[in-house]
Each structure stands twice: as C-alpha cells, then as structure tokens.
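In what follows, a structure is listed as structure tokens, so that the remarks can point back to it.
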Amino acid sequence: EEAPDTEIPAVSRKIASISSPLRAIIRLRRRYFVQKKSRLHLELPWEKPAEFVHTRLLQRQLSRNRTGLCGPSMSFFDQSSFERSQYFTFDTSVEQHAMKKQRRKKNRRKSRMVLYPDKTKKYLPTEEKSKAKRCLLLLMAIIFFQILNAIENLDDNLQKYDLDGLEKTMHREVFGQKVAVESIVELLKDYLATHIHNKPLVISLNGPTGVGKSHVGWLLAKHFRSVMDNDFVLQYFVMHHCPSGVAPLTCEIDLAQKISDMVTRAEIEEKTPLFILDEVELMSPVLLDTLSRFFEPNQTNEFLNAIYILISNIGGGEITKFVIQNESAELLHQHRGAEELLSIIQPVLHDVHPLWKSADIIPFVLLEKAHVINCFLEQMRREGLYPDQKHVENLANQLSYYTTGDKQYSKMGCKQAKVSLL
C-alpha cells in the first residue's frame, strides 16, 4: 500500500520537469483519446453493422425497464415492436449504404490517381520524336529537290534547243500549214523537255506533193544543226542513199549502222539525235521492217532518246478529196478538222506497214493560190531578185488549180511554182 504513495510523487516530479508546451500537448492528446472513446459509444445505427445496432438497442431497452420510465405494456423497444419498426434513413438499407460508401471511396481513389511513368517523378515525360516522322520529312525533301531539278532541266532543254525560235521560223517560211506547224512544235516541246523517255518520238508528215513537207524537214535539219553538232542530224533520201539498183539488204545494213552509230554518240554527250527520212513511200518492206524495230519501246535507253521524221506522199489522195469536199477554210485550219482528217489517213497508213501505229501522224493540206504567190515571193527573195507583184501573179495564174466555189487549190503546190520561176 505504501508503494503507490511513493510512486505518485515521482511521476509528478517527472511531469513537472517537462516543459509547459509538452505538457499541453500531452493534455490535448489525452483529451482527444477521451473524446474518441465517447464518440464510439454515440455513433449512429447506420454507421455500424446490423448485429451491433441490434445489441445496443436491446441494452437501452433493459436499462429503461430497470429505471421504470415505461411499463412493460408501454415499452417502445420490446422485441416485437423492434422487429416491426422502420427507421427514418436517407438510404433504403444498410447494405446499400455500405455499397455506396465503397463506390465513393473507389471514385475518390480514381480521381486522386495521377498517371506518371514513374511514381517518384512528378513531372511530364519528355516527348520522344518518331524516327518514321524524320524519314518521312527526309523523303519529302528529296522529292521536292527532284521536282525542282526536273523543272530546271526542263527549262534548260527548251532553251538549249530554242524551240520558240524554231516555231517562229516555221510560221514565217511555211505557208498554209498553221495547224501542222503547231502540232510539230508541240510534240517536240513535250519530248525534249527531258532526256529520259520510254519510247522514241516518231512524227509522220503526210500529204500531196508540193505542200511543204520536205521544206519542213529541211527547216528542222537546219535548226537542229545550229543548236547541236552536225553529227547528230541525218537526212536520209531513199532515191539518193538507196537507189533502185542496190540490194535491199545492203540498204538495210547501211541504214541500221548509221542509226546505231549516231544514237551511241548522242547518248554519250546527252543529246537527242534527229533522223529525217524523206520519200518513205519508196522504201522497200525490208527497210520499213528495220525502221519498225528502232521504233519499239522495249529497247536500251540510248535508242529511246531519238526523233524520227517520216516524210511521204501516202494518203495524199485522201487529203485532196477531203479538202475539196470541205472547202471551208475555217474547218481546214482548225484542230477539229485535222483530227477528222487524221481518222481518214490512219487506216491507209496502217495497211501499208504497221510501223505507222507507233507514229504521230500530221496531215498537210492543199495550198491556196495566195499561198502559192507567197512561195514565189519567198523564192525570189532567196535568189536575190526584186519581187514584182504583177509578174508573180502572172506566173501564179499559169498554174493548174482545183476550183471549188470561191477557193482555188494548187494541184502541185509550191513545187511547180519553183520550177516556173526558174
């Protein structure tokens, strides 16, 4: 019994030795625990399980019966009334309240979650650049520079061949063939825009005699000799290079050798050779077969970069008939009339030889009397003669013409005009 009395002063002495703030904390801590215990006894029924609530209600009923506040018959908390009674709650049941509470906790946990790559790092991750995106940008840059280079090469080639100057010269010196000249220049511009092709360019000039086909070939040869070396232009006349007494096999070997040598040299210097083949209607089937092999698309690269001009009178009768039947100058000098005339000539050329299937056919129409007079004047200027208009008209009246309505078309074109002038 004396032991506790001796211990109490010791404890009080220890407490007295502690500083006043610490003693205040200890008192607050004790008061907190006391309030916490009292709160556990005063919690509401829906915050505890059903068995605990039932036990607490029975304990309260017994305590009230003992004190005599209510009699047995007036007891509000007897067993039968407790089982039948319903309590006012905001929830339908304790189980639903517990489920909702768990859901709120889960939602609260989800809202508190922060998605970081690492829990220890509370900053946004660095964005990694995709290698595929870099490759795509590099590919786009390469394509852009290739397109730019192609455009520059296009301008360089057109300036190198001076096709604008060629067009002006042909319009000035070729009479009555406006549509034909525009078609030839357009084909040359499209082909010479680049040095890479999938087939050679083959242009066939067809029409009656004296309408300017050979003159166009002469102008093309003269122009390309001025912009390129003379070694890359070949004018092949059948009557001169392959006379009637020479064997066709010899002419075939000679023509194939000339084309192969020129194409090989042109490929080394990155130039496009020009072959002008006149009087093609006089070529033997052997020579036509040789030419058709050079026109095929499935060849080596050097044979694809070449221009062939075929000049012949094949289809001249069909063109003459078409011009006489369609005497309207508006139709003959429009592309629509050229397309209609082309549909008439193509079957005739395909029947002669299949090589014309790979050629761009350009028809030359008949010349009017005014065009023949211009031919006289141009020829006199070239000869250094003073052009007398009356004398020229008298010479033009001596020629023969097709007369249809108010139009007069020369039967022999400018070829007979040159002979008459001489």
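The values are calculated or read from the model by the stated rules, or taken from the named source; none is laboratory data. Everything numeric here is computed off the predicted structure, so don't read it as measured data. Note that each Cβ is placed from the backbone with ideal geometry, even for glycine, and that neighbours are counted across all protein chains shown. We work out accessible area using only protein heavy atoms, side chains counted, and drop any ligands, DNA or RNA first. Shrake-Rupley method; radii C 1.70, N 1.55, O 1.52, S 1.80 Å.
From the residues in the stretch 272-286 that are within 13 Å of MET239 (Cβ to Cβ) and part of a helix (DSSP H, G or I), which one is least open to solvent (accessible area, probe 1.4 Å)?
Of all residues in the stretch 272-286, those within 13 Å of MET239 (Cβ to Cβ) come to 277-284.
Still in the running and part of a helix (DSSP H, G or I): 280-282.
On the way: VAL280: 3, GLU281: 69, LEU282: 89 Å².
It comes out as VAL280.
What is the one condition in (1) touching an Asp or Glu at 6+ places or on another chain (Cβ under 9 Å); (2) in a helix (DSSP H, G or I); (3) open to solvent by less than 20 Å² (accessible area, probe 1.4 Å) that SER204 does not satisfy?
(2)
How many residues are in contact (Cβ under 8 Å) with a residue 40 or more places away in the chain and part of a helix (DSSP H, G or I) when one looks only at the stretch 234-258? I'd like the intermediate steps shown before the answer.
To start, the set of residues in the stretch 234-258 that are in contact (Cβ under 8 Å) with a residue 40 or more places away in the chain comprises 234-239, 242.
Still in the running and part of a helix (DSSP H, G or I): 238-239.
Selection size over the stretch 234-258: 2.
Just to be sure, is SER214 surrounded by fewer than 19 Cβ atoms within 10 Å (Cβ to Cβ) and either under 20 Å from ILE362 (Cα atoms) or in contact (Cβ under 8 Å) with a residue 40 or more places away in the chain (or both)?
Values: surrounded by fewer than 19 Cβ atoms within 10 Å (Cβ to Cβ): yes; either under 20 Å from ILE362 (Cα atoms) or in contact (Cβ under 8 Å) with a residue 40 or more places away in the chain (or both): yes.
When the stated conditions are applied, SER214 passes them.
So for the stretch 245-256 (the condition being under 19 Å from ALA306 (Cα atoms), modelled with pLDDT of 90 or more, surrounded by 15 or more Cβ atoms within 10 Å (Cβ to Cβ) and within 37 Å of the chain's Cα centre (by Cα)), does at least one residue qualify?
No.
Looking at ASP360, ASP388, ASP351 in this structure, which one is more than 25 Å from LEU188 (Cβ to Cβ), open to solvent by 20 Å² or more (accessible area, probe 1.4 Å) and assigned by the TED database to the domain that holds GLY212? Walk me through it before giving the result.
Working: ASP360 fails: more than 25 Å from LEU188 (Cβ to Cβ); ASP388 fails: assigned by the TED database to the domain that holds GLY212.
The conditions single out ASP351.
Evaluate the following for ASP289: is it open to solvent by 30 Å² or more (accessible area, probe 1.4 Å) and at pLDDT 90 or above?
Considered against the rule, which asks whether it is open to solvent by 30 Å² or more (accessible area, probe 1.4 Å) and at pLDDT 90 or above, ASP289 comes out as yes.
So which of GLU330, GLU368 ends up being over 29 Å from ALA221 (Cα atoms) and either open to solvent by 60 Å² or more (accessible area, probe 1.4 Å) or modelled with pLDDT of 85 or more (or both)? Before the answer, list the steps.
Numbers: GLU368 fails: over 29 Å from ALA221 (Cα atoms).
After ruling out the rest, the residue left standing is GLU330.
For the stretch 259-271, give me each residue that is exposed (fewer than 15 other Cβ atoms within 10 Å of the Cβ) and in a helix (DSSP H, G or I).
SER260, ASP261, THR264, ILE268
Against the conditions (1) in contact with a strand residue (DSSP E or B) (Cβ under 7 Å, 6 or more places away or on another chain); (2) of a type outside the set (D, E, K, R); (3) surrounded by fewer than 14 Cβ atoms within 10 Å (Cβ to Cβ), where does GLN398 fall short? Just the number, please.
Of the numbered conditions (1) in contact with a strand residue (DSSP E or B) (Cβ under 7 Å, 6 or more places away or on another chain); (2) of a type outside the set (D, E, K, R); (3) surrounded by fewer than 14 Cβ atoms within 10 Å (Cβ to Cβ), the odd one out for GLN398 is (1).
Restricting to the stretch 296-321, and then to whatever is open to solvent by 10 Å² or more (accessible area, probe 1.4 Å) and hydrophobic (A, V, I, L, M, F, W, C), can you tell me which residue is modelled with the highest pLDDT?
ILE314
Just to be sure before I move on: is ILE345 touching a residue at least 40 places away in the same chain (Cβ under 8 Å) and among the hydrophobic types (A, V, I, L, M, F, W, C) in the structure I sent? Explain how you work it out, then say what you get.
Working: touching a residue at least 40 places away in the same chain (Cβ under 8 Å): yes; among the hydrophobic types (A, V, I, L, M, F, W, C): yes.
The answer is yes for ILE345.
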